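Working notes for the structure below.
The values are calculated or read from the model by the stated rules, or taken from the named source; none is laboratory data. Note that the structure is a prediction, hence the values are computed from the model and not measured. As a convention, Cβ positions derive from the backbone with ideal geometry for all residues, glycine included, and neighbour counts pool all protein chains shown. Just the protein is used for accessible areas: all its heavy atoms, side chains included, with ligands, DNA and RNA removed. Shrake-Rupley method; radii C 1.70, N 1.55, O 1.52, S 1.80 Å.
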Amino acid sequence: MSTTTTITTAVAPLTIQDAETLVEAARGAAEAAGVAVAVSVVDAGGHLLAFRRDDRAVLIAGETSTRKAFTALQLDAPTADLVDAVQPGGLFHTLPTALDRPLLFIAGGVPLRRDGRLIGAIGVGGGAPEQDHGFATAAADSLV
């Protein structure tokens, strides 16, 4: 009889320091492009860890950034990759309204990984969707 031992390596969770670094990275990328944004970072449980809205960002950017982060986390995919899935006939057509907490299928949400494991997500709102996606991706790429 043979036994197999499985070793699970612990992955450090997303910390408040990580979240603040991500917010600053996204804001820095947006500022360099001359865009006022809101940035939200959620942990693996979908809880808000960090949030910042620039003074000049449109008010709704705060809500959209948080929903984008939550959507990227829940579906483990960048929201930019999900836009077509919610169009009529798409795989997730009814999903935006099917849950208690609404999802948002607009580019700008990106899952965060450490050692290949999902540890949270970042969402950026306030710019054009492609800009928000770029700012979120730049921040996610800076995560160590």
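Could you look at region 17-105 and say what percent of its accessible area is carbon and sulfur, using a 1.4 Å probe and all protein chains? Carbon and sulfur: 52 percent of the exposed surface of region 17-105. Helix 60-75 against the longest principal axis of the chain: what's the angle in degrees, Cα atoms only, rounded to the nearest 10? Between helix and principal axis, roughly 20 degrees. Convex hull of alpha carbon positions in region 12-126: directionally averaged projected area 7.3 nm².
May I ask for the net charge around His133, where only other residues with Cβ less than 11 Å from the Cβ of His133 are counted and Lys, Arg are +1 while Asp, Glu are -1? In short, -2.
Spin-label model, Ile16 to Phe92: label points 7 Å out along the Cα-to-beta-carbon direction sit 3.1 nm apart. For the peptides 25-31, 43-49, the ranking by mean Cβ contacts within 10 Å, running from highest to lowest, is 25-31, 43-49. Relative to the longest principal axis of the Cα atoms of the chain, the long axis of helix 129-141 lies at roughly 40 degrees. Taking amide H as placed 1.01 Å from N in the peptide plane, Ile119 has its amide H under 5 Å from the amide H of Leu112, Arg113, Arg114, each at least 5 places away in sequence or on another chain. Taking every DSSP helix (H) stretch of at least 4 residues in the chain, weighting each as -39,500 (n - 2.57) and dividing the sum by the residue count yields a mean residue ellipticity at 222 nm of -11000 deg cm²/dmol.
Between Ile60 and Thr9, the distance separating the two model label sites (each 7 Å from Cα on the Cα→Cβ line) works out to 4.4 nm.
If the segment from Arg117 to Ser142 were pulled out straight at 0.36 nm per residue, it would be longer than the present Cα-Cα gap by 7.4 nm.
Rounded to the nearest whole Å², what accessible area per residue is found for region 23-115 with the 1.4 Å probe? Numbers along the way, then the final one.
Details: 4760 Å² over 93 residues.
Accessible surface, normalised per residue, equals 51 Å².
Computed from Cα atoms, the angle from the helix 16-32 axis to the main principal axis of the chain rounds to 40 degrees.
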